[in-house]
Each structure stands twice: as structure tokens, then as C-alpha cells.
Amino acid sequence: MKKRLIIILGPTASGKTDMAVKIAQHFDTEIVSADSRQIFKEMRIGTAVPDAETLQKVKHHLIQTHSVTEHYNVYKYEQEVLDILQNNIFRRKDVAVMCGGSMLYIDAVCNGIDYSPDPDENLRAELWQRFETEGIEPLKAQLKILDPKYYDICDLHNHTRIIKALEVCIQTGKPYSSFRTGIKKERDFQIVKIGLNFPREVLHDRINRRVDIMMEEGLLDEVRSLVEYRNLMPLNTVGYRELFDYLDNKTDLATAVELIKRNTRRYAKKQITWFSKSVNNQWFNPLTDGTKILQFLSKA
């Protein structure tokens, strides 16, 4: 009988953590986080890390285990999760639970991710500086020369992806596309996905209230403590970018908070679109469908 990984996914503020804990308790197992920012020790409030009481109920893996100063990417995440599953949880349990909303991280565990070389931090800083001073067009033009194949399929409005591709091209002397095989990796465990979501207006209200709670808990002080790291990739994140702008006197605090809410809602929409493409997702309302979810999992 194959081991089983139950993945609880959905947009931010959709109740994934609470549902994952209930499911993990039901199956007497443990949770692996699929949040690309909760993994960093310094980013507790702005990433909505589960509170101490929740973490005591069920053992969680990959929560605040790395520093923002460490190089970390989706490839390393895939390797760490497979090690946790195969050499830890699945040696003792038949079921493991994964919980999070980081789209690429979940996809890496399900389908695999292509290898990418470690970055040259000086080169990365130089490319980001060029973006800030020259804009995106010169970077797009350079990418078209160095890797026309990837240029044709890349989201040319996404400066982060363009910078990443250029970084690999320049550092290795090879096209970024040469590292992207697109070959799906087979897993030796069963994967079951549970999608959580609310009606749009309910989700937006939950997001807005979550941001207010973060501010009350001290998000601004957390952001202040990270100013020296602001140019690192983990800090290029909703909730941090906007408050860095406030600290730079580019906006007032009320406006910054409203921008966090708006940008979080936009990110939630992106998550829903992405996850909806997974054909085997089963979608539930976490407030009303708790029993249905457990019934579904007992048959899956």
C-alpha cells in the first residue's frame, strides 16, 4: 500500500492551517509547510506563522528553519521535503499532510523541479540595480539575445523571472531554458489535493482582517528589524515591500496598509487561478465542509 501525502492548498487566509491540523490529528500524523516565506526565522508576523498553541497540537516541518540571509530556492525545498517524507514521516506514518499556498513549492513536490545553479549574489545585486535604475526593457532585450527560447515563453511583465533567467545565463554561459527539462518526476507516494476557498467577498474580508491583526501584532516593528536585508529575495514580499516604502517616506502608514490588503487580495486571485488548473483538486468551504473533507479523504 502506497504512502499518502494529503496537500491542503488554497489562497491566503482560506483557513488552510486550521484544516491541516484537524486532518493531521485525524490521521495521527505531521504537517510539512508549503509556504515559501514561513520558512524564514525573521519573518514571523508578516507570513502568519502558526501560533505556539497550533504548533504544539501537531508537529510541523519547515517552519522558521532558515534565515533570510541563506540562499534558498524551490529546488532545495523539493530536496528537503522528499527527505522529510521518505526518511522521517513515512518511516513511522502512512499519511503525511502538506499545507500552504506557495504554488511553485507545491508543484515541485508533486511534479519535480529542474536543477538551477546557486546564485552569484554580486551578479544578482547588479541586475536588480539595473532594473531599479534602467527599468525592465534593457533586461528584456538582453534576455532575448542570451536565451530567445525562454524569452518567447517568459512572462515579460514579471521582472523577477527575467532577472532570474539573466542571472543563470550570465553566470553559467548557458541559456536558462537549457536547465528547464519540463520532465515530470514520478513519486513513490500517492498525492491527494484538497482545495479550500470562500466566496470572494468573504475571502477579501478575511484578508483585510488578517492584515489589521498583523499590524496590531507588530508587523511594522518586524519590518524595521529587517531593513538591512531589504534587498534579499525573501523580503521582496507583500507586507514587507509596502512598509519599506513607508519607512522611506514614499507613502503614509494608512496607505501602506491599504496597499498590503490590495496586493494580498491580488495574490489570492493568482493563487486561485493557479490551483484551479490542477485537475484533481477537490474544493471545499472550510467552515461548512469539515465532515465532507474527512469523508472524501477516507475514500480517496
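The values are calculated or read from the model by the stated rules, or taken from the named source; none is laboratory data. Because the structure is a prediction, the values reported are computed rather than measured. Neighbour counts run over all protein chains shown; Cβ positions are idealised from the backbone, glycine included.
Mind telling me which of the residues Ile63, Ile89 ends up being farther than 28 Å from Ile170 by Cα, assigned to a helix (DSSP H, G or I) and not assigned by TED's automatic domain parsing to the domain that holds Gln171?
Ile89
If I go through the range 158-176 residue by residue, how many of them are in contact (Cβ under 8 Å) with a residue 12 or more places away in the chain and either farther than 18 Å from Pro119 by Cα or touching a Cys at 6+ places or on another chain (Cβ under 9 Å) (or both)?
Number of matching residues: 4.
Would you be able to tell me the number of residues in the range 105-122 that are in a helix (DSSP H, G or I) and surrounded by 15 or more Cβ atoms within 10 Å (Cβ to Cβ)?
7
To keep it simple, each residue is scored yes or no on (1) assigned to a helix (DSSP H, G or I); (2) touching a residue at least 24 places away in the same chain (Cβ under 8 Å); (3) crowded, with 20+ Cβ neighbours inside 10 Å.
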| residue | (1), (2), (3) |
| --- | --- |
| Ser14 | no, yes, yes |
| Asp18 | yes, yes, no |
| Asp28 | no, yes, no |
| Gln38 | no, yes, yes |
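Tell me which of these Ser33 doesn't satisfy, since it passes every other one: (1) within 25 Å of Ser276 (Cβ to Cβ); (2) buried (at least 22 other Cβ atoms within 10 Å of the Cβ); (3) touching a Phe, Trp or Tyr at 6+ places or on another chain (Cβ under 8 Å).
Exception for Ser33: condition (3).
State which residue is modelled with the highest pLDDT when the search covers only the range 258-281 and only residues that are surrounded by fewer than 15 Cβ atoms within 10 Å (Cβ to Cβ) and touching a strand residue (DSSP E or B) at 6+ places or on another chain (Cβ under 9 Å).
Among those residues, the one meeting the criterion is Ser276.
Results for (1) touching a strand residue (DSSP E or B) at 6+ places or on another chain (Cβ under 9 Å); (2) at pLDDT 95 or above; (3) within 27 Å of Lys164 (Cβ to Cβ), shown as yes or no for each residue.
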position	(1), (2), (3)
Thr12	no, yes, yes
Ile23	yes, yes, no
Asp28	yes, yes, no
Val58	yes, yes, no
Thr65	yes, yes, yes
Tyr75	no, no, yes
Asp94	yes, yes, no
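So that you can scan it fast, the table gives a plain yes or no per residue for (1) of a type in the set (Gly, Ala, Ser); (2) more than 17 Å from the chain's Cα centre (by Cα); (3) closer than 30 Å to Glu201 by Cβ:
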position: Leu5; (1), (2), (3): no, yes, no
position: Gly10; (1), (2), (3): yes, no, yes
position: Thr17; (1), (2), (3): no, no, yes
position: Val32; (1), (2), (3): no, no, no
position: Lys41; (1), (2), (3): no, no, no
position: Gln56; (1), (2), (3): no, yes, no
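Looking at the range 198-218, can you tell me whether even one residue there is in the same structural domain as Ile106 (by TED's automatic domain parsing), exposed (fewer than 14 other Cβ atoms within 10 Å of the Cβ), free of Cβ contacts under 8 Å to residues at least 60 places away in the same chain and of a type in the set (S, T, N, Q)?
Checking the range 198-218: not a single residue is in the same structural domain as Ile106 (by TED's automatic domain parsing), exposed (fewer than 14 other Cβ atoms within 10 Å of the Cβ), free of Cβ contacts under 8 Å to residues at least 60 places away in the same chain and of a type in the set (S, T, N, Q).
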